[in-house]
Amino acid sequence: MSSSPKKPFRIAVLLCDTPIEPVVAAQGDYGQIFRTLFRKSLEATQAKFSKGEEDGLSDVDFAIDAFDVRTKLEYPENVDEYDAVLLTGSAASAYENLTWINRLIDYVKHLAEEKPKIRLIGICFGHQIIARALGGECVPNDGRWEVGPTPLQLTETGKKLFGVPELNIQQMHRDHVPAVPPSFYLLGSTLISPNQGMVKLYPGGSPESVSPADVHIFTVQGHPEFTQFIVDEIVKARSSTGVIGKDVVEDVQRRRDLRNDGVEVVGKTLWDILRASRA
């Protein structure tokens, strides 16, 4: 007799922006884009196993609810219903003194301190907001852009958590978190941005032997959800207005065909963290 399907994982996605029009037309808003990431990552993870149900993957499902925290100031009515809360990227700067940003910072601090069972995930702008909320800072990076698929130098903690010796991830930013906030551990770096991702662990978790079950908060500066199409469209739009210079565009084109580990490595890690939360 087969067991009943597992309860779907529920993820609240806090929309910190809306993608540019060509991206929305082709791939949807950030709620849909993250649904695609989680679905593709789950499918890729399932495909690597041959035992199916014995690995606890065959009947895993999920639901994503999106909340517009930027223009509508929407937040979950009952956040305890969710396994995780994810903050998306944004064209805004996380250090701006704006009502919606200040409210988001307060909300993240509340979740981290008062709702420890809920996993917090920050992507790019979300990574920066989490840093600000929990004792760090976000600053302009001297006008230096990181754009397109970019190799990261992983720390030992990063290698352990991601399960790989190296990682490529899509980037689109010129603000950054210059240092690791208190109680966080660094996952990886680049020459341009020393904090490319970080984790806060539950009590008893060790950075030397980190496992997905140890992870309370997970952030990356890059964009695991970005496809090459999304990057190409943003580069096209920003270069046409002079926001991104010709040298950056040429550099992106040179790296355009680098491997993108967003789905099979970062996305898989997100699933590992979610699944461990039910163990």
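The values are calculated or read from the model by the stated rules, or taken from the named source; none is laboratory data. Model, not experiment: these values are computed from the prediction. Quick reminder, even Gly has a Cβ in these numbers, built from the backbone with ideal geometry, and neighbours come from all protein chains shown.
Listing for the model above:
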read-out: Exclusive hit being at pLDDT 95 or above and over 16 Å from residue 152 (Cβ atoms), set 247, 214, 251; value: 214
read-out: 3 or more residues among the hydrophobic types (A, V, I, L, M, F, W, C): qualifying strands (runs of 3 or more DSSP E) within the range 139-186; value: 146-154, 167-173
read-out: Complete set of residues in the range 212-260 that are in a helix (DSSP H, G or I) and of a type in the set (Val, Ile, Thr); value: 230, 231, 234, 235, 248, 249, 252
read-out: Pairs where the first residue, in the range 75-93, is within 15 Å of residue 105 (Cα to Cα) and the second is among the polar types (S, T, N, Q) and surrounded by 15 or more Cβ atoms within 10 Å (Cβ to Cβ), C-beta under 8 Å, 6+ apart; value: none
read-out: Members of the range 55-74 found to be assigned to a loop (DSSP other than H, G, I, E, B) and surrounded by fewer than 16 Cβ atoms within 10 Å (Cβ to Cβ), listed by number; value: 56, 58, 59, 61, 71, 72, 73, 74
read-out: The range 194-220 - residue that is over 15 Å from residue 266 (Cβ atoms) and hydroxyl-bearing (Ser, Thr, Tyr) and, of those, surrounded by the fewest Cβ atoms within 10 Å (Cβ to Cβ); value: 209
read-out: Among (1) surrounded by fewer than 20 Cβ atoms within 10 Å (Cβ to Cβ); (2) among the hydroxyl-bearing types (Ser, Thr, Tyr); (3) under 18 Å from the mean Cα position of the chain (by Cα), the one test that residue 150 misses; value: (1)
read-out: The range 161-193 - residue that is of a type in the set (A, V, I, L, M, F, W, C), in contact (Cβ under 8 Å) with a residue 60 or more places away in the chain and farther than 21 Å from residue 146 by Cα and, of those, surrounded by the most Cβ atoms within 10 Å (Cβ to Cβ); value: 161
read-out: Residues located in the range 7-50, provided they are basic (Lys, Arg) and either farther than 27 Å from residue 78 by Cα or part of a loop (DSSP other than H, G, I, E, B) (or both); value: 7, 40, 48
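Per-residue answers, yes or no, for (1) closer than 21 Å to residue 243 by Cα; (2) polar (S, T, N, Q); (3) over 18 Å from the mean Cα position of the chain (by Cα):
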| position | (1), (2), (3) |
| --- | --- |
| 103 | no, no, yes |
| 115 | no, no, yes |
| 127 | no, no, no |
| 144 | yes, no, yes |
| 158 | no, no, no |
| 170 | yes, yes, no |
